[in-house]
Structure formats: structure tokens, C-alpha cells
Amino acid sequence: MPPPLCYRLKPPVGPHPSIGIIGAGFIVADCHLPAYRDAGFPIRSIWSRDTNKARTVAARHGIELAHADWKTLLDDRNIQILDVAVPPDAQPEVILAACERPHILGILAQKPLAMDPTQAALLVKACESAGKVLVVNQNMRHDQAVRACTHLIRSGWLGEPVLATIDLRAIPHWMPWSEGLRSLTTYILSVHHLDTFRAWLGTPDRVFASTRTDPRTPFPHEDGVNLYILEYNRGPRAVGIDDVWTGPLKPNEPMGTTCPGGQSVRFRVEGTLGWAEGTIGWPAWPARQPSTLDFASKKDPGTIHKPRWREVWFPDAFTGPMAELLWQLEGGPTAELSGKDNLETIALCEAVFQSGKTRMPARVSDFLPQA
């Protein structure tokens, strides 16, 4: 029989510290807050650039305070955890300001932590110097199929990893704030898959990326469709395909209206003893479509295991990163999604971004902060 699959991280027993949220967009209103409600995390206050939006989201989710000024929220001494969910170019200012508030003990930062390795390293160092627990919301790691697959790999059930692949054919929720950033697909979407490959195989030594602009995306950008190979000196390989405007479709057009086609995210991991493959249900949102995982191993000959769960990535997986932060605050292990760990994900993003521009291989170590 396979090992028990640790597919969901349970938070510590409450009561939990009070949380303030900076941001009130889709990811907060439809993912963070439903997940936090189900987990029993107490939300004290929220802020948005649009005060009416903050008030609407607060009323919808029963939040006591909706602030017009984010610094006023930070000054509230009843807030012990700050959940930052603003665009990545605005996030550093908020995190650095939070480091100046002694009553804030932990910070959950949205991914990407920053839009380049230098800025990301600055934020990690600032939080370390201020004694803040910094966790990055790389929530795909807590999708139940991804997390269970991680456990299979680390337990040795699949043997020595040989090849891992993720193939995305879907349309992300490109928000207006993403259109003017230095990177679109790599830092905003591929970051999920690159971080997942790190969870499965570790940080690669080098990458080979082929990137093109996507003519189906109706705004200027540098990196559209992303194809990349991750190479490890110790042997494994990983391949990612991020086709981010599949179809093709018009913006916000339901799938199949003018050009029939399917959205999907599929993955597969092969090892010397077995294999695992599955699907990510996210493209079906707002419908609840759970991710899936099938796997087999020579340790259990002749059997294909097909566990299924009711949880879905959006919103259920969003409990996981906050649970990691809470466990560390209570004296548990350092969060797997710690800010320091995330510097390797950011370095990997930059290596893919630069390789896609130069059409040359890039070493991940070249983009890690120097000790």
C-alpha cells in the first residue's frame, strides 16, 4: 500500500492571531477570505485603493473594519498578521512599512514576492532584521493533487525522479495591473509551475527557455507563451508549457463560444519505480472542479491508485500558506514557503525570463543573492 498522502496542511488549534488584509481584489474576495472563514482565521480589517470595494468585501465577509488608508490598518495594534495581496510592484512598500510595526509578527506576501531577485532579497533581509515571519503565498503547492504528489516523491514511492512535466492550456485572470510589469507570464503565471517543480525536484542548475509574445493577448507584453526545460546536474529534467491564451478566445469569452476548445492543466512525474499524473481543476473556476491524481509503483505491482478529494485549489488551497505561517509563529518548523526559500523561486523565474530573451541557457545560481 502507498504511504498516507498528506494532501492538506491543518492549521494549529486556535484561537489564532488577528489578521489585517491589504487588498480587496478577486484573489482576496474569492480565495483568501472563503478559505480563511472555513479555517476559522479571524479577519479584523481590510483595505483597498477603492474604499467602496473594501467596504463591499468587508460586508460580504463580515469583516469589522474597512480602512481608507493602508497605513492606518498597519498602525492598528490589534493586527498581528498582515496578509498582503496587492500588485507585486506595490508590495515592497507595504512589507517594508510593516517591518516598522513591532506588533505585526507575521507577513503573508502575495506571489511573486517581487519582480526581480534584488528586490526580493531586500524584502527577505528586512523581515529577518525586523524579526518578522515572512511567508510567500505560493498556493499551488497546497493544491491537494500537487501536495499529495510532492509527498509521493519525497517518500520514495516513485523511486528516483526522472522527468516531470506541467502542460497548461488555459486563460489566466489577467488583471489590468499585470499589463505594465516587466514580465507577464514568467513572474505572474509560470511562477506557480516553477515553484511546484522546486517542491518536487528541488532548484535546478540551469534552464533553457523559449518565449514568444502571444498575439492572442490584447495588450503589449514581452513574455507570452513560455516553454522551458529545467536541467539538474544530478539527473532529473522538468518541462513546462504555459500556453496562456489558449483557444483562441476574445477577452472574457466563455470557452467554446467562437472557437471550441478545452482548457486544462496536466502534470506527470516519472521515477525509477513508478509514475504519477493528474489534472489541476483551476481552469473550471468558478465551478468547483477538484484536481486529480493517479499513480502506480513497483512497490505495489499491478495497481493504479486514484485518490479523489472534494477540495479545490481556488479557494481551499489558500488555507495552506497561512497555516504554515501560524505554525512557525507557534514555534513549529520554519515555513516551507518562507521568504528565504522563495528567493530560489524568484531566481528561477529570472533565469527563465533571461533565457527566453537571450535564447541561451541560464544558470539559476547567477540570480541568487550573494551571501
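The values are calculated or read from the model by the stated rules, or taken from the named source; none is laboratory data. If you're wondering where the values come from, they're calculated on a predicted model, not measured in any experiment. FYI the Cβ positions are ideal-geometry reconstructions off the backbone, even for glycines, and counts take in every protein chain you see.
Kindly establish whether Asp223 is among the acidic types (Asp, Glu) and more than 17 Å from the chain's Cα centre (by Cα). Here the answer is yes, as Asp223 does meet what is asked.
The residues of the range 48-59 that are surrounded by 12 or more Cβ atoms within 10 Å (Cβ to Cβ) and under 14 Å from Arg37 (Cα atoms), listed by number, are Val57, Ala58.
Would you mind stating whether Pro87 is at pLDDT 95 or above, in a helix (DSSP H, G or I) and either surrounded by 18 or more Cβ atoms within 10 Å (Cβ to Cβ) or in contact with a helix residue (DSSP H, G or I) (Cβ under 6 Å, 6 or more places away or on another chain) (or both)? No. Number of residues in the range 61-85 that are charged (D, E, K, R) and within 23 Å of Pro112 (Cβ to Cβ) equals 1. No other residue among Ala362, Ala323, Ala335 is among the aliphatic types (A, V, I, L, M), in contact with a helix residue (DSSP H, G or I) (Cβ under 9 Å, 6 or more places away or on another chain) and crowded, with 24+ Cβ neighbours inside 10 Å apart from Ala335. Note on the range 1-69: enclosed strands (runs of 3 or more DSSP E) holding 2 or more residues that are on the phi < 0 side of the Ramachandran plot, touching a helix residue (DSSP H, G or I) at 6+ places or on another chain (Cβ under 8 Å) and of a type in the set (Val, Ile, Thr) are 19-22, 43-47.
Kindly indicate whether any position in the range 293-300 is at pLDDT 95 or above, assigned by TED's automatic domain parsing to the domain that holds Arg234 and within 23 Å of Ala170 (Cα to Cα). Among the residues of the range 293-300, at least one is at pLDDT 95 or above, assigned by TED's automatic domain parsing to the domain that holds Arg234 and within 23 Å of Ala170 (Cα to Cα), which makes the answer yes.
Yes/no per residue for (1) of a type in the set (Gly, Ala, Ser); (2) part of a loop (DSSP other than H, G, I, E, B); (3) within 30 Å of Cys6 (Cβ to Cβ):
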site	(1), (2), (3)
Val146	no, no, yes
Asp167	no, no, yes
Pro172	no, yes, yes
Ser190	yes, no, yes
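Would you mind stating whether Val135 is under 17 Å from Gln328 (Cβ atoms) and surrounded by 23 or more Cβ atoms within 10 Å (Cβ to Cβ)? Judged against the criteria, Val135 is a match. Evaluate the range 310-321: report whether one residue or more is among the hydroxyl-bearing types (Ser, Thr, Tyr) and either in the same structural domain as Asp30 (by TED's automatic domain parsing) or over 23 Å from Val28 (Cα atoms) (or both). Taking every residue of the range 310-321 in turn, none turns out to be among the hydroxyl-bearing types (Ser, Thr, Tyr) and either in the same structural domain as Asp30 (by TED's automatic domain parsing) or over 23 Å from Val28 (Cα atoms) (or both). If you go through the range 98-140 and keep only what is free of Cβ contacts under 8 Å to residues at least 60 places away in the same chain and closer than 23 Å to Arg182 by Cβ, you end up with Gln119, Leu122, Lys125, Ala126.
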